[in-house]
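Beneath this line is the structure, given in structure tokens, with notes to follow.
Values in this text are rule-based calculations from the coordinates and carry no lab data. From a predicted model like this one, the values you see are computed outputs, not experimental measurements. Glycine gets a Cβ as well: all are built from the backbone with ideal geometry, and neighbour counts include every protein chain shown.
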Amino acid sequence: MPGTVPAAGLVALPGNRFVTGGPGGGLLCFEASTSKRLWTVAADTHRILAADASAVYLVTRDGRLRAVDTGTRKVRWTVALEQTALRSPGSKAAPGARAAAGPDRLVVCGAYGTVFAVDTATGATVWEVVSQARSAVQPLVVGDAVYLGGRTLKGLNIRTGTQLWDPTDAKEPPKEDSGGWGPPVRYGESLWAMDGTAMTQARLATGVPTPNGSAVHGPLPHIPLVVQARTVFAVEGEGQGVSAYSAFNGKRFWTWSPESRGVWAMAGAGNRLFTVNSWKLTALPVVD
């Protein structure tokens, strides 16, 4: 889209809107159905992390965490959190942090894997988990709970950071060098996550794995799984292709292999999986 900076990210807002970055660090809001620009805020935007019903949360170009109120269109707060590495070391382009917004909290996993939650009203840090992962892993928020991948798979109360279930109840990563648990995704009352060698399904309430699961060929655990309808999609190791699995029992339906390999991105919408590989956009079907 002309006049935007795609590297800043694109995040949906309530009310048929989305935000992205603009030249000079601007934060731009558009109407999704028409692409009409609704407003612009000078926010010094480097990377947009997440949004909720009242604010957009982003990393500034000097590495600070900032909240922009979408009602007043003014900066709500800005905090300096250098120790969390919101930007990847040695890279100006890499996002360096992953985040999810929930009730009164923004949960951020920094570039070095430390997870922290800030009060969305003030920006104050409420709780943190040091060295949860080796790098930034996308948190999953479901109601008052947040689920984390990384060295262990765990569920926490999003407001207090209190552990909901012990990570030892869940299957541990098989090898220290496997990359650990990738970002979890929700399916009904369970979650799916990649543990370095296979996908595992665990119950949201307890973290106890179900009998379901599927082996994959050299998985890439930190490429998020995507759930659409009753299908879980996973990128096979070394970017060999995308496989579709049953979200109910883990059975593999099919594997699609592209003509070339490259950096992957995946997203689901409208009972389709959309993939970008080597600058080519492909839509794949789900299995109902």
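Count the net charge of all other residues whose Cβ sits under 15 Å from the Cβ of V129, scoring Lys and Arg as +1 and Asp and Glu as -1. Mind showing how you got there, number by number?
Numbers: positive: R98, R105, R134, R151, K154, R159; negative: E128, D166.
After counting each charged neighbour, the total is +4.
For Cα pairs less than 8 Å apart in space and 6+ apart in sequence, what is the mean separation divided by the residue count of the chain, i.e. the relative contact order in percent? Walk me through the numbers before you get to the answer.
On the way: 768 pairs, mean separation 21.0, N = 288.
With pairs under 8 Å counted, the relative contact order is 7 percent.
For the peptides 185-197, 247-259, what is the packing order when you average, over each peptide's residues, the other Cβ atoms within 10 Å and list the highest mean first? Walk me through the intermediate numbers first.
Details: 185-197: 19.8, 247-259: 14.8.
The peptides rank, most packed first, as 185-197, 247-259.
Using a Gaussian network model of the chain whose springs link C-alpha atoms within less than 10 Å, name the residue from A67, A42, A100 with the highest mean-square fluctuation.
Result for the chain, Cα springs under 10 Å: A42 fluctuates most.
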